[in-house]
Amino acid sequence: MKITILFLLLSVGIAHAHTALSLTRKLQFPDVPGYKTLKCDFHMHTVFSDGNVWPSIRVEEALRDNLDAISITDHLEKLKHAADIPMPDRNRSHEAAVKAADGTNLIVVQGTEITRSMPPGHANAIFISDTNKVLVDDPIDAYRAANKQGGFIFWNHPTWIGQKPNAIAELMPMHEQLIADGLLHGIEVVNEDTYSDEALQIALDNNLTIIGTSDIHGLIDWQYNVPAGGHRPLTLVFAKKRSAKSIKDALEDRRTVALIDDSLIGREEHVVPLVEASLIVHKAAYVDKNNSTVLALILRNATSVSYTLENTSPYNFYTHTDVVTIPAMKDTTIQVKTIERLKELELTFRALNVVTAPNQHPEISISITVDSE
Ligand SMILES: [Zn+2]
Ligand SMILES: [Zn+2]
């Protein structure tokens with residue numbers, strides 16, 4: 001009897017913890033005008049190169065994180081488990097992921113990591129159709145082979161201290177040639193737990209697509225401490241439709257934002273509409289006491305990142321300093337001193353957790369219509 005009660009209590013506890021976790025772990029970002037916001041991770045490894053899990057686990061992790069698309073990008077030239085998994089056919093890890101994703105709505109695009117010394121270093125080729133054909137001697141020939149298949153290619157972790165001891169991303173003549181020849185299309189500004197201002201500047205100067213990836217080898221839950229509320233880095237892709245083709249079109253058109261922790265990195269025209277769609281005015285009413293001119297505003301953050309906003313409006317706040325934190329997926333009340341009772345107003349903020357160029361944070365605006373009394 002005692003045992004049964006204990007067991008029941010335990011099961012209730014576990015069920016409760018599981019519900020709470022699944023509510024917070026599903027990554028959420030709203031669509032923006034004209035586009036769907038798709039959550040994508042285009043860099044991950046499995047036992048088919050130097051990762052520790054079967055591709056089906058990558059699919060399971062992506063589904064738990066509410067991702068829209070992934071690519072398994074095992075190293076072409078680094079097979080850690082070759083004695084057990086010789087991998088004569090390099091398409092196998094993609095095929096295993098496609099099989100695992102069957103019956104779900106996860107989009108799996110074929111990819112591989114071209115793994116060379118610097119230059120050119122490592123690069124991911126995604127949207128390819130036959131990985132075996134990318135396995136050639138000369139690095140430039142590998143880029144050409146991937147491009148021939150319609151591949152989209154981005155430079156991985158250009159600041160990785162394994163290849164760049166000073167962790168400063170720099171274009172070398174070979175990269176410049178690859179870009180000039182149209183063989184290299186994007187760059188990781190975020191890789192795993194690293195972010196690079198120099199990589200962002202290279203993207204802006206050379207019209208490359210801004211990418212953020214997990215480059216996961218172990219487990220997402222352990223590396224990013226998901227049970228404690230952490231999440232993996234991502235590329236948010238603004239696509240016309242939720243399809244592989246639309247994602248590729250968006251990447252080619254550079255419609256992306258990279259995400260690491262609570263930071264969003266992207267071109268102003270992409271990141272500002274995202275922030276403005278993320279912060280919803282839930283309620284706006286004057287505090288009644290003494291017929292005051294203090295407006296109580298409930299801001300709902302509909303995303304999985306917390307925003308740090310610096311007030312640039314002509315009004316001061318009754319409840320906050322000029323810097324306000326809006327926690328992820330929560331409501332925050334800000335009381336605004338409007339001096340007179342207004343029907344409409346506009347608040348402007350500098351979004352400090354959003355980066356559009358090195359050391360630059362965009363201004364966003366929130367239009368408010370005061371609720372009728
Ligand atoms: Zn790499
Ligand atoms: Zn990698």
(request) Quick one: pull the percent of accessible area on the chain belonging to carbon and sulfur, 1.4 Å probe, ligands and nucleic acids left out. (result) 54
(message) Need the full-extension length gain, Asp322 to Arg300, defined as separation in residues times 0.36 nm minus the C-alpha distance. One decimal, nm.
(response) 6.1 nm
(request) Convert each backbone phi in the stretch 82-90 into a coupling constant with the Karplus relation 6.51 cos²θ - 1.76 cosθ + 1.60 (shift: θ = phi - 60°), then list the ³J(HN,Hα) values in order as whole Hz, x for Gly and Pro. (result) 4, 5, 9, 10, x, 6, x, 10, 6
(message) Using amide H atoms built in the peptide plane, which far-off residues or other-chain residues are under 5 Å from His320 H to H?
(response) Gln335
(request) Report, to the nearest 10°, how far helix 2-25 tilts away from the longest principal axis of the Cα atoms in the chain, using its own Cα long axis and a range of 0 to 90°. (result) 90
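Which peptide among 118-124, 288-294 comes first, and what is the full order, when sorted by highest mean count of other Cβ atoms within 10 Å? Mind showing how you got there, number by number?
Values: 118-124: 22.7, 288-294: 11.3.
Ranked from most to least packed, the peptides come out as 118-124, 288-294.
If I take R0 = 30 Å and measure r between the Cβ atoms of Asp221 and Leu352 in this structure, what FRET efficiency does the formula 1/(1 + (r/R0)^6) give, to the nearest 0.05? Present the calculation step by step, with values, prior to reporting the outcome.
Values: r = 29 Å, r/R0 = 0.97.
So the FRET efficiency works out to roughly 0.55.
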(request) Enumerate the lysines that Lys337 could reach by cross-link, defined here as Cα to Cα under 18 Å, with residues fewer than 8 away along the same chain left out. (result) Lys283, Lys289
(request) Determine the gain in length on full extension of the stretch Lys78-Lys133; use 0.36 nm per residue of separation and subtract their C-alpha separation, reporting nm with one decimal. (result) 18.2 nm
(request) Output ³J(HN,Hα) for the stretch 316-328: one whole-Hz value per residue in order, computed from phi by the Karplus curve 6.51 cos²θ - 1.76 cosθ + 1.60 with θ = phi - 60°, and x for Gly and Pro. (result) 9, 9, 7, 10, 9, 6, 6, 10, 10, 9, 10, x, 4
(message) With a 10 Å cut-off between alpha carbons and a GNM built on the chain, which of Ser306, Ser117, Ser49 moves the most?
(response) Ser117
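Quick check on the chain: helices-only [θ] at 222 nm, where DSSP H runs of length 4 and up contribute -39,500 (n - 2.57) each and the sum goes over total residues. Nearest 500, please. Before the final figure, lay out each step's value.
Working: 9 runs with 96 residues, N = 373.
Taken over the chain, the calculation gives -7500 deg cm²/dmol.
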(request) Tell me which residues come under 5 Å, amide H to amide H, from Tyr286 once H is placed; ignore anything under 5 positions away on its chain. (result) Ala296
(request) Check the straight Cα-Cα distances from Lys78 and name the lysines below 27 Å, setting aside those fewer than 8 residues away within the same chain. (result) Lys99, Lys133, Lys148, Lys164, Lys248
(message) Between Ile85 and Lys330, how high is the FRET efficiency from 1/(1 + (r/R0)^6) when r is the Cβ-Cβ distance and R₀ = 51 Å? Nearest 0.05.
(response) 0.70
(message) Nearest 10 degrees is fine. How inclined is helix 55-64 to the longest principal axis of the chain, computing both from alpha carbons?
(response) 10
(request) For the chain, report the accessible area per residue in Å² (1.4 Å probe, heavy atoms, rounded to an integer). (result) 46
(request) Pull up all non-local amide H partners of Arg232: gap of 5 or more, or a different chain, and H-to-H distance under 5 Å with H placed in the peptide plane. (result) none
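Please report the net charge: other residues with Cβ closer than 13 Å to the Cβ of Glu268, K and R +1, D and E -1.
Numbers: positive: Arg254, Arg255, Arg267, Arg350; negative: Glu269, Glu276, Glu363.
Around Glu268, the charge tally is +1.
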(message) Just to confirm the filter: which trypsin sites (Lys or Arg not before Pro) across the stretch 310-373 are DSSP coil and have at most 13 other Cβ within 10 angstrom of their Cβ?
(response) Lys330, Arg341, Lys343
(request) Specify the inter-centroid distance of the stretch 251-266 and the stretch 82-134, based on alpha-carbon positions, in whole Å. (result) 23
(message) Compute the helix-to-body angle for 268-278: its Cα long axis versus the longest principal axis of the chain, expressed 0 to 90° and rounded to tens.
(response) 50
(message) Give me a comma-separated list of calculated 3J(HN,Hα) values for the stretch 100-113, in order, Karplus coefficients 6.51, -1.76, 1.60 applied at θ = phi - 60°, integers in Hz, x for any Gly or Pro.
(response) 5, 8, 4, x, 10, 9, 6, 8, 10, 9, 6, x, 7, 9
(message) Once you keep just the Cα pairs under 8 angstrom separated by 6 or more residues, what percentage relative contact order results for the chain?
(response) 13
(request) Between beta-carbons, use under 10 Å as the cut-off and find the net charge around Val189, counting Lys and Arg +1, Asp and Glu -1. (result) -3
(request) From the P(r) of the chain, can you give the percent of Cα pairs sitting at distances over 36 Å? (result) 30
(request) With a point put 7 Å past each Cα toward its Cβ, work out how far Ser117 is from Lys245 in nm, to one decimal. (result) 4.4
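The values are calculated or read from the model by the stated rules, or taken from the named source; none is laboratory data. No experiment lies behind these values; they were computed from the predicted model shown. FYI the Cβ positions are ideal-geometry reconstructions off the backbone, even for glycines, and counts take in every protein chain you see. With ligands, DNA and RNA removed, areas are computed over all heavy atoms of the protein, side chains included. Shrake-Rupley method; radii C 1.70, N 1.55, O 1.52, S 1.80 Å.
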